[in-house]
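Working notes, structure below.
Where a number appears in this text, it was derived from the coordinates with a stated rule and is not lab data. Nothing here was measured: the structure is a model prediction, and the numbers come from that model. Here the Cβ positions follow ideal geometry from the backbone for every residue, glycine too, while neighbour counts run over all protein chains shown.
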Amino acid sequence: MSRIFITGSSDGLGLAAARTLMKGGHDVVLHARSSERASAISEISPTALGIVIGDLASATETRSIAEQVNAIGRMDAVIHNAGIYLERSRGETPDGHAKTLAVNVLAPYLLTAWITRPDRLVYLTSGMHRSGSSALDDIDWKKRPWNASQAYSESKLYIATLAAAVARHWPDVLSNAVDPGWVPTKMGGAGAPDDLEMGHLTQTWLGASEDKAAKVSGGYWYHRQRREAAPEMTDAGFQDALVDTLAGLTGVHLFAERR
């Protein structure tokens, strides 16, 4: 059985994934943004391997999350599930970044760098990534007028691209991007048309299954089917340009050869 850490696992798809993995006998480390959020999953947390607390909008708290996970022990897989959708404004994180970028991209980038390297990494993206711009000169929305939908789409293009970059730079790690679909969670809304169960079963499968089909890397997945992503995701030049941009924003270099 595997040890698996899931960000944003106090509700929605993250909690559903945690329940499924725990039911399958895996040891799951949960994550909640705050103590109040953690108390909402008190019925499941006692049977988890652990629960870590921290706000992914803050680099300092993201560092604390990584330290809490590492203190529990090396994970076999990390599922980067946490994310935010349509923010009314750019916002301003403690580090001065747009909140959508910070939570959806910078936090998983930093956790990938700071958590002891697992065997498998799963990053949640969205079909909306295809509407993301490949221009990287203003990914933090400091110059452009705020556009919540475009910011979200771009963040999902970046996270899918990060998954592919990790697969290319770390061949010993299985790294994949998953589109869970538009599912009826708190974020997706009650009217979302996609299947909620299938929305979380792909990431649990990629994170823990011994099926040969699940032990691949660099893919973009939807409902356990490999799909074609935006061309930027698999473009090595765009991957490296994005990683360099994220390193510049965070001061953290993910790949030694990119220093």
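Not counting the cut sites, what is the longest span of the chain without GluC sites (Glu not before Pro) that DSSP labels loop and that have at most 14 other Cβ atoms within 10 Å? Walk me through the numbers on the way to the answer.
Values: sites that count: E43, E92, E210, E228.
Counting only loop sites that pass the neighbour cut-off, the longest clear stretch is 93-209.
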Open item on the list: In the range 9-41, whose amide N lies under 15 Å from the spot 7 Å out along Cα-to-Cβ of T47? List them in ranges.
Closed with: 15-30, 41
Task: Gained length - S35 relative to F255, 0.36 nm times residue gap less alpha-carbon distance - done: 75.9 nm
Open item on the list: Using each residue's phi in the range 236-243, evaluate 6.51 cos²θ - 1.76 cosθ + 1.60 at θ = phi - 60° and report the 3J(HN,Hα) Karplus result to the nearest Hz, with x for Gly and Pro.
Closed with: 4, x, 5, 4, 5, 5, 5, 4
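Based solely on its DSSP helices, what 222 nm [θ] is calculated for the chain when runs of n ≥ 4 H residues each add -39,500 (n - 2.57) and the sum is averaged over all residues, nearest 500 deg cm²/dmol? Display every interim value, and only then the final one.
Details: 7 runs with 89 residues, N = 259.
Here the helix-only value at 222 nm equals -11000 deg cm²/dmol.
Grab the beta carbon distance between H223 and A148, set R0 = 25 Å, and tell me the FRET efficiency rounded to 0.05.
Working: r = 26 Å, r/R0 = 1.05.
E(calc), rounded to 0.05, equals 0.45.
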TODO: Please list, or write none, the aspartates and glutamates whose alpha carbon is within less than 20 Å of the alpha carbon of K215, excluding same-chain residues fewer than 8 places away.
DONE: D27, D76, D119, D172, D179, E228
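Full-extension gain between K215 and D11, please, as 0.36 nm times their residue separation minus the C-alpha to C-alpha distance. Spell out each step's value before the answer.
Values: separation 204, 0.36 × 204 = 73.44 nm, distance 2.70 nm.
Net length gain for the segment: 70.7 nm.
Take peptides 245-251, 1-7 and line them up by average Cβ neighbours within 10 Å, highest first, as a rough protection proxy. Don't jump to the answer; show the numbers that get you there.
On the way: 245-251: 16.4, 1-7: 23.6.
Top to bottom by mean Cβ count within 10 Å: 1-7, 245-251.
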Task: Read-out Kirkwood radius over Cα pairs in Å, derived from the coordinates shown; its label in [x] 18.0; [y] 19.3; [z] 18.7 - done: [x]
Task: Point-charge dipole on Cβ atoms (K/R +1, D/E -1) for the range 3-258, about Cα centre, debye to 20 - done: 180 debye
Task: Footprinting exposure proxy for D119, D138 (fewest neighbouring C-beta atoms within 10 Å first) - done: D138, D119
- [ ] Over the alpha-carbon set of the range 35-118, divide Rg by the Kirkwood Rh and report the Rg/Rh ratio to two decimals.
- [x] 0.98
Task: Long-range HN-HN contacts of L174 with modeled amide H, under 5 Å - done: R120, L121
Open item on the list: Pick from A229, A71, A17 the residue whose mean-square fluctuation is largest in a GNM of the chain, springs joining Cα atoms under 10 Å.
Closed with: A71
TODO: List, in order, the whole-Hz ³J(HN,Hα) value for each residue of the range 66-74 obtained from phi through the Karplus relation with A = 6.51, B = -1.76, C = 1.60 and θ = phi - 60°; use x for Gly and Pro.
DONE: 4, 5, 5, 5, 4, 5, 6, x, 5
Open item on the list: Suppose each label sits 7 Å from its Cα in the direction of the beta carbon; what would the D244-D172 distance come out to in nanometres?
Closed with: 2.7 nm
- [ ] Choose one answer from R19, R227, R144: the residue with the largest mean-square fluctuation in a GNM of the chain with alpha-carbon springs under 10 Å.
- [x] R144
Open item on the list: List the residues, sorted by chain then number, that are 5 or more residues from R144 or on another chain and whose placed amide H is less than 5 Å from its amide H.
Closed with: none
Task: Fluctuation leader among H200, H129, H223 - the chain, Gaussian network, Cα springs under 10 angstrom - done: H223
Task: ³J(HN,Hα) computed for each position of the range 32-48 - Karplus, 6.51 cos²θ - 1.76 cosθ + 1.60, integer Hz, glycine/proline x - done: 10, 5, 8, 4, 5, 5, 5, 5, 6, 10, 5, 6, 10, 4, x, 9, 7
Open item on the list: Along the Cα→Cβ direction, 7 angstrom out, place labels at S89 and S134. What is the inter-label distance in nm?
Closed with: 3.4 nm
